[in-house]
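No lab work stands behind these numbers, since they all come straight from the coordinates. Keep in mind the model is a prediction, meaning the values are calculated, not measured. Cβ placement follows ideal geometry from the backbone for every residue including glycine, while neighbour counts extend to all protein chains displayed.
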Amino acid sequence: MEDLLLELVSSNLLFILLAVFIFVLIFRGVKIVPQSEQHVVERFGRLRAVLGPGINFIVPFLDKVAHKISILERQLPTASQDAITKDNVLVQVDTSVFYRIIEPEKTVYRIRDVDAAIATTVAGIVRAEIGKMDLDDVQANRASLISTIQSSVEDAVDDWGIEVTRAEILDVNLDQATRDAMLQQLNAERARRAQVTEAEGAKRAVELNADAELYAAEQTAKARRVQAEAEAYATSTVAAAIAENGLEAAQYQVALKQVEALNALGNSPSSSTVLVPAQALEAFGNAFNMLKGKS
């Protein structure tokens, strides 16, 4: 009876041990990787595989998850570094870099401190690129500078299994002496522009004055030409009449002028008595007779 009981206990214990062993195998062999991570698996200290998100299987006791790497986008802390522009101006540049790990096996085995390595690389590239540009170009072409820095950083960190998603230049600071010099230059430039604007205004006023005088002279000349043409037309008309009617037409014109002059003299408010010589009376009489005959 005792032998039977011992045999039963032994078989149950063996079954329990076998169940525990199977459970441990399953626990050690099945790996569930979150969506935001990738796991680096080693076998005897060497790279065996990189596990992606989901359920994965490894060989228990031989393989182990040596590194759990987050593949989420990361942001390096804002870093400030000094740089000297092409025109020898000292500036302090604040930068920030965003990146994510796309090949964990390279990041794990090729670089120890990836954040520090990227920060050092960015600092060197920023200094080199700003050293190629004048201060005005740094301020005006910031977008182009950012694009150049990002491209250079991507090339530098390609062996580390990293993708640089964005690089930003947050600020470009100048020392106080440079700021004061730039302010003086800005004030001088404003004064120069004001003087140029004033001079251009005076020049424009002179030009408009000259245009107005020229226009007035042209109009006067046109008026004189019209008057001369009218007088010439009248003269030609009289000449044509004399040529057609002879001396009688000329005498008629003279008589007409004499009558008009006498009429104007008589209507003058400053004279109440008009003394006319006898010969003039005879001439006026002849003129009246001629006018009467013409009418």
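Brief remarks follow.
- Computed FRET value (nearest 0.05) for residue 232 with residue 207, which takes r as the C-beta separation and R₀ as 51 Å: 0.90
- Total formal charge among the other residues, if their Cβ is under 13 angstrom from that of residue 87, Lys/Arg +1 and Asp/Glu -1: -1
- Whether the range 18-66 is rounded, prolate or oblate, judged on the alpha carbon gyration tensor where a/c under 1.5 counts as rounded: oblate
- Stretching the chain fully between residue 221 and residue 173 yields a gain of 10.5 nm (0.36 nm per residue, less the alpha carbon separation).
- Summed side-chain charge close to residue 66 - residues other than residue 66 whose Cβ falls under 11 Å, Lys, Arg +1, Asp, Glu -1: +2
- Counting neighbouring Cβ atoms within 10 Å and putting the fewest first, the residues 109, 233 line up as 233, 109.
- Restricting the calculation to alpha carbons of the range 146-210 gives Rg and Dmax of 24.4, 75 angstrom.
- Cα gyration tensor, the range 74-174 - rounded (a/c under 1.5), prolate or oblate: prolate
- Here residue 68 is the anchor, and the aspartates and glutamates within straight C-alpha reach of less than 16 Å, apart from those fewer than 8 places off in the same chain, are 37, 42, 103, 105, 113.
- Listed from fewest to most Cβ neighbours within 10 Å, the set 46, 166 follows the order 46, 166.
- With a Förster radius of 35 Å applied to the C-beta separation of residue 154 and residue 62, the computed FRET efficiency comes to 0.40.
- Relative to the current alpha-carbon distance between residue 190 and residue 42, full extension at 0.36 nm per residue lengthens the span by 46.4 nm.
- Burial ordering of 118, 169, fewest other beta-carbon atoms within 10 Å first: 169, 118
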